[in-house]
Structure formats: C-alpha cells, structure tokens
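The values are calculated or read from the model by the stated rules, or taken from the named source; none is laboratory data. The shown structure was predicted, so the numbers you read here are calculated from the model rather than taken from an experiment. Glycine also receives a Cβ, built like all others from the backbone with ideal geometry; neighbour counts cover every protein chain displayed. Accessible surface areas use protein heavy atoms only, side chains included; no ligands, DNA or RNA. Shrake-Rupley method; radii C 1.70, N 1.55, O 1.52, S 1.80 Å.
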Amino acid sequence: MRSAARTPGSGHRPDTEVVFDPASYTEGVPFDALARLRRAAPVVWVAEIPVLGWPEGPGFWLVLRHADVVSVLARPKLFSSALGGTQIRDPATPQALAYVRRMMLNMDPPEHARLRRLLSRSFTPRAVAKLEDRIRGHAAAICDRVIVGPSGINDFAKDVAADLPLLTLADVLGVPEQDRWLLFDWSNRVIGYQDPDYAASAEFDPAQGTPMAAEALAVRPAPDDQGRMPDPRTREGMPDLYAYAHLLAQEKRRRPGDDVMSILLAQADDDGGHVSVAEFENMFWLFAVAGNETLRNGLPGACIALIEHPQAQAELRADPALMPLAIEEMLRWWTPVMTFRRTATADCEIGGQPIRAGDKVVVSFTSANRDPDVFEDPDRLDLRRHPNPHLVFGYGPHFCLGAHLARTQMSALFSEVLARTSALAYQGPPSYLRSNFQRGVKRLPVTWTA
Ligand code: HEM
C-alpha cells in the first residue's frame, strides 16, 4: 500500500520518501508528513530508495500508531530482532548479519534472556547508588567548568551535553576517565555512516590516554580518500574498539573493580557458565553506542524544548519538584531514538494490514509518541503531562537497560543548569544530524545568564 500523501514544498516527493531520507532530518523531523501518514493508515509501505551511496533496499512497513508499536515490540516471536537485525538498513553480507546477532540487542528469547538476566543482576542496588552519586558530581563539575561569570555563550551539545554520558559510561564500564573520548569517537563512527561529519571522528587525544588506549589506536582504521571508514557494523570495521574491550576484560578479570562490568565478568549464569570474552566485547560495543549517542542527543533535545517554550522553562525554574515529570515530557517531545526494526517470522497483520513472513517492520517511536489517540494535544510540550506512556525507551523484552541512568543524568544536569542560570536562549540556530535513526544535535549555540 503506497501512500500518495506528499509534503508541501518538498518538490512533490511522497511523504514516505521524505520520512525515509536521512537528509530530511537536517531540517528537523518531518512531523507533518508523519502525521498525514498516521492519519491515513496505521502502517505504510516505505520504499528504500538509494540514499547516501547505499544501494536500494527491499522496502519496509512503517508502524505509526502507539498501540501497534507496543503490540509489535511485545511479540518477539512474531517480530524478531535476530532475523535481520534491528536497523533499517540490512547488514551488507550474511557474515555481517551473523556478527550483529552476537549482540544482545539483536537476539531473541530465550538466547536474549540469559545475557539480559546476567547484565540486569550486575546493576546491583549498591552499584546503581554509587553511579547516581557520581552522575550528580559529574553534572556539577561540568557546570563549574562551563557556567562561569555573569553570562556566556556555549555550544550546549559539545560543551555541556557530550561529556556527561561519557563520564557515566566510563563509570559503568570501568574505563579509565582519560580514555573516555575513545567511546565518543567509536559511537560517532557507528552513527556517522549517515553523516560525514561523524564518520572519521577523532576527538580523543592519544597523549592523554592509557597504554590500553595506545594499543587500541595502533589498529584504528584510517579513512579512505573519500573520508569513509570501513563499515562499523562489522567486526573488521571496529578493530580498535575490540582491541580495547579485550584488554579491558583481561584487566577486570585480573583486578576486578566495583563497576558493573567487573560484576558482570565475575557472575555465573544459571548453568554455572560465565560471560565469554566474545560476549563481553560485544556488550562493550553495545554500551559504548547505546549509552552515549542517545543521551548526547537527548540532553540538547531537552534544552531545545526549554528554549522554545520559555513559559515551560520559567515553570520548571519556579518548581524544581516538577523535574521528574518534566524529564518524561522533554524525552517524549524530543524522542532521541526515532526507529527500531524487526522482521516478521510468519504471515500476520498489523492494524489490519497483511504482513508477509520475512517483511521488514520498522516501528516509529517519533510517530507513536505524538499519537493523538494516546496523548492529548500531542505536539504541545506540557511539563505536567501525566500519565505519559511514551515509548522513548522501547517496550517489551528489549526495553532500554539504561533508562534509569539516562533519567538520572538528565535530571542531574538540568537541576544544575537551571539552578545556576536565570535564562537560556538560542545564540544561533541548532545544527541537526543527518540520520533517520537518531534525532541528533550536532551544535546548539546558547546564551545563558547567571
Ligand atoms: C535518552 C537516552 C536513551 C534512549 C532514548 C534509549 C533508547 C533505547 C531503546 C529504544 C532501546 C530498545 C531497542 C529495541 O527495542 O530493539 C534501548 C535498548 C538498550 N539500551 Fe538504551 N536508550 C538510552 C540510554 C541508554 C543508556 C544510558 C544505556 C547504558 C548505560 C543504554 C543501554 C541500552 C541497552 C544495553 C539496550 C539493549 C537492551 C536489550 O537488548 O535487551 N541506553 N535503548
């Protein structure tokens, strides 16, 4: 079922094409196109036209309504994460597919449950309490560094938002702090296959790193003459990350710390087995990307929400107890992760639309989080919105493992920023990431007044 709806002023391109094309998102999310599609049908067929040098793909069903997104994600047997992975773009080769399937994100039950259980148990109440404490300390230290004097101008994305997820991840993974910008470069490379600014990211300063970092950098791939790096969704594409993860696991087994990964490596599963080196390395990859990119976009996204709604900004300043509800609403309004993909394992239907076994099914969190059947006046930012059943962190067995840490980081950072300033405003226009997966902010110039 192809949609004939078109985006005004977009050269008569079909809405489905506008929604698919990563380039659309540099101008902002095409919310009007999504709303037209959602009104017309619960599920639409999206052609995968060739973009950014990738070949044409087979196309996919885009699931637009909240109830249908929940129903897809709640049925992993019918809508598999493993069959074709969880990204819209198919892995380039069968080997590349086999590789991503070693990551928990791309596993189905019961295989998925074993790793998930081991990992969940490693976030012990003691480890989480310590992480929360450290997060509050990091947020205060970042603001001490950036918010100095009576007023100032900063790039909120780079100067304020980028470091907190890295510092937190370094604590979770037990990575020495001086190596944390390696995590930044790795996650940029993974996300950067859609945006050339990120593809060959090299923010890490080797002079500051540990000997583990030096060993990893020795095998870092170089960009080709077009500035492209090897496919980061293959093991060969990320040899430096794997070298580092390998050394880190050795170190943690030799000298366990009180970080989550040390606890994980020391654990036995129900059959007495341990997390293998390969499992650890893949978990490290997943955390380095999932725990970084998402929040580094969510934090500026929330800042944009407050800048564009001065009334809401004033309300939150006047009533800090509103913070927990406000975080949920800013997350819903921004929705940092826009889509995830599943593959149908059998003929079925979604919202009355027949789906065939083997079809790609992509859920749109961006659309579901603005579904008027669930959210009254969905385009409005309402910091007191309650209940707020958004799907920012997914739903079902793969529900985000870092949701609590993400909320804690947002709350810690905005509590500090709002307590130290009396006004936040744009200094210039934000610059958005070219991606149909992450709603990313590359630059966010803001002025603040103490
Ligand atoms: C605002 C920030 C974040 C957003 C929007 C977000 C979003 C998501 C979503 C939508 C999923 C579900 C994927 C699926 O259904 O296939 C997910 C899974 C996951 N997230 Fe997050 N995430 C965030 C922060 C974090 C953080 C801080 C961490 C780690 C410290 C993390 C670790 C993970 C992991 C390990 C999974 C895989 C869980 C599984 O497969 O069982 N995330 N995240």
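Points worth noting:
- Test: residue in segment 351-365 that is touching a residue at least 24 places away in the same chain (Cβ under 8 Å), farther than 17 Å from residue 59 by Cα and crowded, with 21+ Cβ neighbours inside 10 Å: yes
- Residue check, residue 59 within 15 Å of the ligand (Cβ to nearest atom) and within 13 Å of residue 361 (Cβ to Cβ): no
- Residues that are surrounded by 20 or more Cβ atoms within 10 Å (Cβ to Cβ) and either aliphatic (A, V, I, L, M) or part of a loop (DSSP other than H, G, I, E, B) (or both), drawn from segment 425-450: 430, 433, 434, 435, 436, 437, 439, 440, 441, 444, 446
- Taking the listed residues 21, 108, the one that is more than 26 Å from residue 371 (Cα to Cα), of a type in the set (Asp, Glu) and open to solvent by less than 50 Å² (accessible area, probe 1.4 Å) is 108, with no other qualifying.
- Residue that is nearest to residue 114 (Cα to Cα) [pool: residues in segment 60-79 that are more than 20 Å from the chain's Cα centre (by Cα) and outside any loop (DSSP other than H, G, I, E, B)]: 79
- Matching residues, segment 76-104, being within 14 Å of the ligand (Cβ to nearest atom) and in contact with a strand residue (DSSP E or B) (Cβ under 9 Å, 6 or more places away or on another chain): 76, 79, 80, 81, 82, 83, 84, 85, 86, 87, 88
- Residue match in segment 151-164 (condition: of a type in the set (Ser, Thr, Tyr) and buried (at least 20 other Cβ atoms within 10 Å of the Cβ)): no
- Among the residues making up segment 279-289, a single one is near the ligand (Cβ under 9 Å from one of its atoms) and of a type outside the set (A, V, I, L, M): 287.
- Test: residue 47 is modelled with pLDDT of 95 or more, exposed (fewer than 14 other Cβ atoms within 10 Å of the Cβ) and away from the ligand (no atom under 12 Å from the Cβ): no
- Inclusion of residue 75 among residues that are under 17 Å from residue 286 (Cβ atoms) and open to solvent by 20 Å² or more (accessible area, probe 1.4 Å) is not warranted.
- Selection within segment 85-98 - under 20 Å from the mean Cα position of the chain (by Cα) and open to solvent by 10 Å² or more (accessible area, probe 1.4 Å): 87, 88, 89, 90, 91
- If you go through segment 293-309 and keep only what is away from the ligand (no atom under 11 Å from the Cβ), open to solvent by less than 10 Å² (accessible area, probe 1.4 Å) and of a type outside the set (Val, Ile, Thr), you end up with 300, 303, 305, 306.
- Whichever residue in segment 398-413 is surrounded by fewer than 16 Cβ atoms within 10 Å (Cβ to Cβ) and part of a helix (DSSP H, G or I) and, among such residues, is farthest from the ligand (Cβ to nearest atom): 404
- Subset of segment 368-377 (residues that are buried (at least 19 other Cβ atoms within 10 Å of the Cβ) and out of contact with any Ser or Thr (no Cβ under 6 Å at 6 or more places or on another chain)): 368, 370, 371, 375
- Checking every residue in segment 381-392 against the condition of being among the hydrophobic types (A, V, I, L, M, F, W, C), open to solvent by less than 30 Å² (accessible area, probe 1.4 Å), within 13 Å of the ligand (Cβ to nearest atom) and free of Cβ contacts under 8 Å to residues at least 40 places away in the same chain gives zero matches.
- Look at (1) modelled with pLDDT under 90; (2) open to solvent by less than 80 Å² (accessible area, probe 1.4 Å) and you find that residue 197 fails only one, number (2).
- Of all residues in segment 140-156, those satisfying the criterion of being in contact (Cβ under 8 Å) with a residue 12 or more places away in the chain and either within 14 Å of the ligand (Cβ to nearest atom) or part of a loop (DSSP other than H, G, I, E, B) (or both) are 147, 149, 150.
- Filter result for residue 128 (touching a His at 6+ places or on another chain (Cβ under 9 Å) and open to solvent by less than 70 Å² (accessible area, probe 1.4 Å)): yes
One line per residue, one yes/no per condition, for (1) farther than 27 Å from residue 99 by Cβ; (2) surrounded by fewer than 17 Cβ atoms within 10 Å (Cβ to Cβ); (3) more than 16 Å from the ligand (Cβ to nearest atom); (4) modelled with pLDDT of 95 or more:
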| residue | (1), (2), (3), (4) |
| --- | --- |
| 277 | no, yes, yes, no |
| 291 | no, no, no, no |
| 313 | yes, no, yes, yes |
| 321 | yes, yes, yes, yes |
| 324 | yes, yes, no, yes |
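- Filtered residues of segment 82-108 (kept if part of a helix (DSSP H, G or I) and under 20 Å from residue 287 (Cα atoms)): 96, 97, 98, 99, 100, 104, 105, 106
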